[in-house]
Every structure is written in structure tokens, then in C-alpha cells.
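The structure appears below as C-alpha cells.
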Amino acid sequence: MSDKFFVGLDLTSVENNGEQRPISRVTLLLDDENSITAGDDTGAELLADCPHATQTMVNAILAHVKGHKYRMFRADDTALDPSAELGDGMTAGEIYSVISRIEDDGSGYCCIAAPGEAELEDEYPSGGPMTIEFNRKIAKTNSRITKTAEQIMLEVSSEIQGLSSSIDIKLDEIVGRVGDTETGLSQTLRIAADGVTITNAEGSTLTINGGQIDARTIKAEQLDASKITAKDLNLTGVISWGDLSGDVKEQVNSAQVSASSAIKTANDLANGQGGGTFINGTTIQAPSVIGGTVVGSRIYFGTGGNVGGLFSTYGFDGVNNTEVVQLGSSYGLVIYAGSNIRMEGNSLWINIDASDIRVKQNGAWVTLPNVR
């Protein structure tokens, strides 16, 4: 029904009966009560029986025929090709239309026509041979119940709406399912001895076993729980102070007090206060420094650091100029020992530029003899 034939003027008469409005709507009848349609009412409607029609099918037909006009005509005694059949295109005279009726009296010259709507429905029914046995009445829903010794199945479905639901009862489980073929959504509920599982069309599951819930995602406006344990807790909302328990509030307050005290102590030490140890980039200040070894080029004594000091310098060691250890003071030098003082060396050099040298012996100062 897709061929095209040319008759031209090889006929006795041709009658142009005009054309209908362009097609703007396609409707397929599922039964006497249900249909699927696409388009609008600005033009003519293409109507046909199709119990297995879908919305996708209707949309495709409309996209193909939208805007086409049905031209009505009649041509008598045409030299039509015997292979032509209803639905083929034909040009008779200057008219091009579709063959909707063929009247053949056996003479070899038939009459062809594209009649009006009322005549077309009787001459060229759209239902075809299927409608002879089909009463054009399909229930909106179909139901089925099957039963065996080990299983009971209840199923309800609607091809029109694309919905289906079922309950499958077995000895070890009960499975209920609801699906929507148009949206691709579904939910399956399984009840068994090991728990209750809900699975969606994407395969995501929610399992409930007694008091335990196992799920990929849990969404709730409010979640009340005595304890929450999580490997990764990602909070996108706000936790207010009132949401915390009394114990947590007390711990937070205690931590705040401890932190404030630690900050104050650190500030005092940084400012050299508080009697503790103060360390900055250049100075270590402490009441006492105790160590097995103190290494430094200069070690000063006194609060000002300029009363006395022990430092390494480059000077005269009695024979050569070399690095020596020098003990000196800006104001005076006193070496004191509670019991004895002992100095040893291969050579002793004392360079004193003084007019009077005294030594305190047995509580009394005496002048060293022969030293001037």
C-alpha cells in the first residue's frame, strides 16, 4: 500500500470533490472506552482502531501525516494497473490522491475513487480483518491468579496505563511489586525470615532486620537516635546549642575554660610574665637552665647581660695568638668558692695593671710582697 500509479487521461471522466482540512490529530482506539491521541483540533483527525497502540506509536504517525490533506475524487473507466490496491497513490487527470475504493466490473477498466468520510468508513474500514473477530472491548485492567502447591501468584496489569502490580507468595518469602513502564519506576517489597528488603528500579535496596536498617541513603526531616556511629559524618545543615545533650555541653564548656587558660598562660610566657619559661626567636628566658652541656660562643651573667660573661675569643695564650676562653666583667671580677680554688696549667700568665695587689688571708687583706 505504498506504490504510486499514473492514469493520466486514460479514463472516461474524472470528478474533483475537493479536499478536507489538513490532518492535525491522530487518534487510535484501544476499545470502545479508551483511546490514545496526539495533536490538536485545528484540522482534521485521523481515526483508526488499534488495540495495541501506544503513545509513542501515535506520536510517530502524527509526525508523518501532520499537514497532509485528503483529496476526494472519482474517476470512471480508468486504465489502472491490476497490481494497484487500496492505499496506493494515483494520479488521474490532474488530481493526485489515494485509492480508497475500486469498482471492477470485469471489463478491464475499473472505477476508482477517494470518497468522503462516511463512504470511506464503509468501503475501507481501518480495522482490517482483525476487527472481524475483535469486539473492540478490552478491559482497562487484566488480572490473573495462579496457584500451585508451593506458590500463589496474584497479578493485575493495564497495558493502557502501563501499570502492573503483583504479589508472589512462596513458602520462604513473599514478594510484592509495583511497576510503571512509562516512567521506568518500580518498587519491589520482599518479606522473608532474614528481613524485609525494598528494591527500586535502579537496584538500590533498603533492608530492615529487626531494629537494624541497612540502606545507601536515609533522608528524613528529623532523626531521633540515642547514638549515631558513622565513618564519615557530613553535615550540611546547622547544629544548634540546644541540640546538644547536657554532658556534651558540659564537656564543651570545660574545653573552653581549659583553652582560655592555656591561651592566657601562653600569652604570659610570650610576654616574659608568669614566672615560667619564655622562648621566642632570639631569647630563652627561664628561672633555671639545667643541662649536661651548654654550648655557646658567649654566655652572659647578670640581669642586664653586661655584668660578666664567659665567652670564646681570639687572643694571646702566653705563646701564640689563638682562641682562648675569656672570663670578664665590665665592673669587676670576683671568683668565689666555698672551700678551695685550684688552677692548673703548664704555664700561668697573670697580666695585672694595678698599683696595689692584695690577697685576703685568714679574714684579713694583705699585700702581696714583691709584686708591684
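Per-structure values
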| item | result |
| --- | --- |
| Matching entry among ILE208, ILE228 (being of a type outside the set (Gly, Ala, Ser), farther than 30 Å from CYS50 by Cβ and not in a loop (DSSP other than H, G, I, E, B)) | ILE208 |
| In region 75-96, the residues that are open to solvent by 10 Å² or more (accessible area, probe 1.4 Å) and either closer than 18 Å to SER13 by Cβ or hydrophobic (A, V, I, L, M, F, W, C) (or both) | ASP76, ASP77, ALA79, LEU80, ALA84, LEU86, THR91, GLY93, GLU94, ILE95, TYR96 |
| Residues within region 187-197 that are surrounded by fewer than 16 Cβ atoms within 10 Å (Cβ to Cβ) and either on the phi > 0 side of the Ramachandran plot or in a strand (DSSP E or B) (or both), tallied | 6 |
| Scan of region 153-177 for residues that are open to solvent by 60 Å² or more (accessible area, probe 1.4 Å), assigned to a strand (DSSP E or B) and more than 25 Å from PRO51 (Cβ to Cβ), ordered by number | ILE167, ILE169, LYS170, ILE174, ARG177 |
| Among the candidates THR27, THR42, residue that is part of a loop (DSSP other than H, G, I, E, B) and among the polar types (S, T, N, Q) | THR42 |
| Verdict on ALA63 being outside any strand (DSSP E or B) and either closer than 26 Å to ILE112 by Cα or open to solvent by 70 Å² or more (accessible area, probe 1.4 Å) (or both) | yes |
| Close pairs from region 346-360: first part of a strand (DSSP E or B), partner at pLDDT 70 or above and surrounded by 10 or more Cβ atoms within 10 Å (Cβ to Cβ), Cβ under 9 Å, at least 6 apart | ARG358/VAL366; ARG358/THR367; VAL359/VAL366; VAL359/THR367; LYS360/VAL366 |
| Selection status of ALA44, farther than 30 Å from ASP105 by Cα and either under 46 Å from the mean Cα position of the chain (by Cα) or open to solvent by 60 Å² or more (accessible area, probe 1.4 Å) (or both) | no |
| Exclusive hit being under 30 Å from LEU9 (Cα atoms) and either at pLDDT 65 or above or in contact with a strand residue (DSSP E or B) (Cβ under 8 Å, 6 or more places away or on another chain) (or both), set SER158, SER107 | SER107 |
| Residue within region 239-246 that is over 22 Å from the mean Cα position of the chain (by Cα), in a helix (DSSP H, G or I), charged (D, E, K, R) and over 29 Å from GLN161 (Cα atoms) present | yes |
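The values are calculated or read from the model by the stated rules, or taken from the named source; none is laboratory data. From a predicted model like this one, the values you see are computed outputs, not experimental measurements. As a convention, Cβ positions derive from the backbone with ideal geometry for all residues, glycine included, and neighbour counts pool all protein chains shown. What goes into the accessible areas is simple: the full protein's heavy atoms, side chains included, and nothing from ligands, DNA or RNA. Shrake-Rupley method; radii C 1.70, N 1.55, O 1.52, S 1.80 Å.
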